[in-house]
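Contents: one structure, followed by commentary.
The values are calculated or read from the model by the stated rules, or taken from the named source; none is laboratory data. Quantities reported herein were computed from a predicted structural model and do not represent experimental measurements. Note that each Cβ is placed from the backbone with ideal geometry, even for glycine, and that neighbours are counted across all protein chains shown. Each accessible area value is taken on the protein alone, full model and side chains, heavy atoms only, with ligands, DNA and RNA left out. Shrake-Rupley method; radii C 1.70, N 1.55, O 1.52, S 1.80 Å.
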Number of protein chains: 2
Amino acid sequence: MAKKAMRIGIVAISSPFNPKTADRVQRLAASIFPENPPELVVHPNSFLTHGHFAGPDSARIDAFLEIANDPEIDALWFARGGYGACRVAEAALRGLEPAAGEKVYLGYSDAGVMLAALYGQGYRVAHGPMCQDIVRTDGDAAVARALNWLVNADPGTLEPSLDGSTPAAAFNMITLSQILGTSLQPDLTAHVIMLEEISEYLYKIDRTMHHVTANPGIRKAAGIRLGRCSDMLENDTDFGMTAEEIVRDWCERSGISYLGTADIGHDADNRIVPFGI
Amino acid sequence: MAKKAMRIGIVAISSPFNPKTADRVQRLAASIFPENPPELVVHPNSFLTHGHFAGPDSARIDAFLEIANDPEIDALWFARGGYGACRVAEAALRGLEPAAGEKVYLGYSDAGVMLAALYGQGYRVAHGPMCQDIVRTDGDAAVARALNWLVNADPGTLEPSLDGSTPAAAFNMITLSQILGTSLQPDLTAHVIMLEEISEYLYKIDRTMHHVTANPGIRKAAGIRLGRCSDMLENDTDFGMTAEEIVRDWCERSGISYLGTADIGHDADNRIVPFGI
């Protein structure tokens, strides 16, 4: 008897997703799991466009909650990042029902706002590739990694420094910065916090790392690891430190352990970081 | 008998200042107050260059403290913004001596980090033009306004909505955002908070306003006023809201009163906002 196929709900809560990319992800999933492909359920609101967003806030909240609260769906996979999660996070959280506690939530970048908020409320979340990553160079590998983790919990998909006993969390740097001191900030005491960034000036990395490491909650972390900082913008004047030197410096100043690099980033190599242990 | 000339200490704690601009400010001060010009004491470290900064952190901390702790100096005027205040704020605060409590501190933009930190410790600070503003179009007017406030406490220099009974504070938006949830965040309960921004995408204004208005301390404010958001960057897709609509929206969502516009910004019209009453 065939095992019941896993059902993965896909929802865009930030910028709009598009049907062509959704099709590519569907075809990839079918080719990776020919025997028993997961059923990918893309919420139709994900294809809406409202300025910057995949539909107005209310449509994105509805889409998130319809997937999250559906007891027939095993996982909620964020379709993509962009911008918009902070506009819906509080309302989305208020609407969660018991079935939302039975699934896992996967995404990164702007979706990190939802990961933070959900993790803070005890939900199972992970930082890892999203559907939209399929359009990157070698993007199939990123999306296959996400699927292998969602469907098989394949340990080969995990960020390699995870030791199975120290809790972890991962964020885009500015995304974490801009929830600090709000109700969306989760308790990361004793966690290894992995940070990555894209398309920023090094002086802004420096400013953001001051903010992150000056927060009393973050200072209780077990340490910080630095993922990739890619496509950095050119400073007018040479900043004089690399991103890793900046992070190491702020860790030292704030008494947080700097633990080395992390295999995460806005790229096809982005590995999975389940939050917690 | 001639009144003793006021002594104003000038120090760059962020990006480097330069001697030519300092001379222009000196000449302007002499022309505005021909009878009894204030003595402008520019700390020589302000002209250092260390990558992005007016010298290494230690040189900027020293410069700040030498001016702040000098009992013969009546006011500390930040030479300019840029970036770097957050790197020196905590150490600078630790080094303050009693004479630092006898003067007033004036600046804005990146210097807002120091204004916040100082105000949080009970020092007298104000948001207003800095020396470097003299290079703007009509920049003489900005610098003359700052001098008229420093020397004469001229009420005509003040932001016009100030009513003399409601405490106020003013910040660059992202500067405030990136001290939230840290020891540098001052108590702004019952304050009118004025915010301004420059060279940002509207979606980042939106994200930052979420952050600011989601902070429990900021939610205790009497309200928010919006200064000028100038030289905004072009979004890929039209954001669909103006900066004022964004601020009004987040105020509404978070239960903070939106009080209208404020006459502050990164421009020559930037008026003075003394913190507190």
Note on B:THR237: of the conditions (1) of a type in the set (S, T, N, Q); (2) open to solvent by 10 Å² or more (accessible area, probe 1.4 Å); (3) closer than 20 Å to B:PHE78 by Cβ, unmet is (3)
Within segment B:226-277, residues assigned to a strand (DSSP E or B), more than 14 Å from every other protein chain (Cβ to nearest Cβ) and not basic (Lys, Arg) come out as B:LEU226, B:GLY227, B:CYS229, B:SER230, B:TYR258, B:LEU259, B:GLY260, B:THR261, B:ILE272, B:VAL273, B:PRO274, B:GLY276
The listed residue being open to solvent by less than 50 Å² (accessible area, probe 1.4 Å), over 17 Å from the mean Cα position of the chain (by Cα) and away from chain A (no Cβ under 14 Å), out of B:LEU65, B:LEU76: B:LEU65
What are the residues in segment A:169-208 that are outside any helix (DSSP H, G or I) and within 11 Å of another protein chain (Cβ to nearest Cβ), if any? A:GLN178, A:ILE179, A:LEU180, A:GLY181, A:THR182, A:SER183, A:LEU184, A:GLN185, A:TYR201
Of the residues in segment B:90-123, those that are small (Gly, Ala, Ser), within 14 Å of the chain's Cα centre (by Cα) and within 14 Å of chain A (Cβ to nearest Cβ) come to B:SER109, B:ALA111, B:GLY112, B:ALA116, B:ALA117
Might you let me know whether segment A:175-191 holds any residue that is surrounded by fewer than 24 Cβ atoms within 10 Å (Cβ to Cβ), small (Gly, Ala, Ser), closer than 22 Å to A:THR242 by Cα and touching a residue at least 24 places away in the same chain (Cβ under 8 Å)? no
I'm told A:ALA126 meets every condition in (1) open to solvent by less than 10 Å² (accessible area, probe 1.4 Å); (2) within 14 Å of chain B (Cβ to nearest Cβ); (3) of a type outside the set (Asp, Glu) except one. Can you identify the failing condition by its number? (2)
For segment A:41-57, does any single residue satisfy the condition of being acidic (Asp, Glu), open to solvent by less than 30 Å² (accessible area, probe 1.4 Å) and touching a helix residue (DSSP H, G or I) at 6+ places or on another chain (Cβ under 8 Å)? yes
Name the residues in segment A:209-225 that are open to solvent by 10 Å² or more (accessible area, probe 1.4 Å) and more than 9 Å from chain B (Cβ to nearest Cβ), would you? A:ARG219, A:LYS220, A:ALA221, A:ALA222, A:ARG225
Members of segment A:145-180 found to be more than 17 Å from the chain's Cα centre (by Cα) and acidic (Asp, Glu), listed by number: A:ASP154, A:ASP163
